[in-house]
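Rule-based calculations on the coordinates, nothing more; no lab input. Source: prediction; values computed, not measured. A quick note on method: Cβ atoms are made from the backbone with ideal geometry, for glycine too, and the neighbour counts reach across all protein chains shown.
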Amino acid sequence: MAIVTIQLPHHRYEIQIEPGSLGELGHRVRAVAPHGQCGWVADPTVRALYGDAAESSLADAGYSPVLAEVEPGESAKSLATVEGIYSVFLDAHLERKSPVIALGGGITGDLAGFAAATYLRGVPFIQCPTSLLAMVDSSVGGKTGVNVPQGKNLVGAFYQPALVVTDPLVLRSLPVRELRCGLAECIKHAVIRDKSLFAFIAEHLQNLLDLSVDEMVELVKRNVEIKAAVVMEDEKEKGVRAHLNFGHTFGHAIESAGGYGTILHGEAVGLGMLAASRAAADFGLCSPDLSSELGELLDAVGLPTRADLPSNSALGETMRHDKKVNDDRIRFVLPLRLGEVEIRDDIPQSCIEAGWDFIRR
Ligand SMILES: NC(=O)c1ccc[n+]([C@@H]2O[C@H](COP(=O)([O-])OP(=O)(O)OC[C@H]3O[C@@H](n4cnc5c(N)ncnc54)[C@H](O)[C@@H]3O)[C@@H](O)[C@H]2O)c1
């Protein structure tokens, strides 16, 4: 088993990465949150695939598990869904010590985490990520939350899990488009922190797409280590944690321009990273080779490198509504070279537009 430990000033937890660990979920949860009852959250797809395994493992460990099923998709990442989760937990009389388990992708994790952070002012939370994106990114670091009509992830809480149980074998049922989205987040980690990870992904791409277990464990572990290091340095995003938003300022605008669901989050992040790299090159921060290299890898993964986009002014308007605007200046995470990024709020409009034009179909 590969274990990555997150050590924060007031909290420590493990991310356990092991093929087959879903079958031991119950005992692992019991080790951090021994209690008679637990709640678990899943969408219908993941419940149908892995719900029985999770539930029987929890029951074997002595829990009476209660399921709060959530609708799939970004539009279900809402306060109304969280309210539905509270109702299930309240009807089942879940208590302060009852753990809540998120079994699913990033949407389930964000919803269940926010519900766990707020139900009875906070109950133990366990992440059991089933998409690659959730394994390498959203299950680590304690960001939870929902979308509101004004924008994505605008309401939420920092709430660290008590444990993360990651079983890479469940990726076998993940649709390939979702697998590619997870790889986009891995490429993001490589660009912001680790040039050798970029090379690893490029070199082992076919084995990764074929879900070779050894390579996948290595990929997940290396990405979790990067995310863990960033979170341990800056838990509440006062500084370097913002580097993880590389590709997101452009990406969120692409997502809302396309309407949530048309372009998946990871696809938008991939396109956003390309636009940001091009903008950075235009601004003189990095070589134009970086956007070419990045574009080639995204393309090899099978991710889009061009999109149908509205006008630059419409996209600019959407970006200004993003929460990462500081005193009316938009902050961008821009690459300097593979493995190093910088936050800038002084990028000229012309460079931003060069970024948009670079990815416009
Ligand atoms: N909290 C954070 O730090 C953080 C970080 C990055 C992204 N996010 C959020 O994560 C969300 C995206 O996450 P996602 O891409 O995992 O979305 P998701 O939760 O919708 O999962 C993707 C799809 O794959 C299905 N699925 C998941 N695991 C499966 C499996 N093993 N087999 C078959 N199907 C499976 C799901 O049912 C869903 O249809 C976004 O809302 C984004 O804002 C949060």
message: Check which residues have an amide H placed less than 5 Å from ALA157's amide H, if you skip close sequence neighbours.
response: THR144, GLY145
query: Separation of the range 241-282 and the range 1-30 by C-alpha centroid, Å?
result: 30 Å
message: With angles folded into 0 to 90 degrees, how steeply does helix 213-233 sit against the dominant principal axis of the chain? Use alpha carbons for both and round to 10.
response: 80 degrees
field: Angle between the chain longest axis and helix 349-359 axis [Cα atoms, degrees, rounded to 10]
entry: 70 degrees
message: Please report the spacing between the Cα centers of the range 53-72 and the range 293-357 in Å, no decimals.
response: 41 Å
- request: Could you pull out the trypsin sites (Lys or Arg not before Pro) across the range 225-311 that fall in loop regions by DSSP (anything but H, G, I, E, B) with no more than 15 other Cβ atoms inside 10 Å?
  value: LYS236, LYS238, ARG306
- request: Return one quarter of the surface area of the convex hull spanned by the alpha-carbon atoms of the range 1-120, equal to its mean projected area, in nm².
  value: 7.5 nm²
- request: Using only Cα atoms, locate the centre of the range 190-215 and the centre of the range 170-188, then give the distance between them in Å, rounded to an integer.
  value: 12 Å
statement: So, relative contact order of the chain in percent, Cα under 8 Å, 6 or more apart, is 15 percent
- line: Cα pairs beyond 28 Å in the range 176-359, in percent, come to 19 percent
message: What value in Å³ per residue do you get for the convex hull of the alpha-carbon atoms in the chain?
response: 117 Å³
Cα-based helix-to-principal-axis angle, 176-193 vs the chain, degrees rounded to 10: 70 degrees
message: Using 5 Å bins from zero, what percent of all Cα-Cα pairs in the range 79-227 falls into each bin?
response: 2, 10, 19, 20, 17, 13, 10, 6, 3, 1, 0
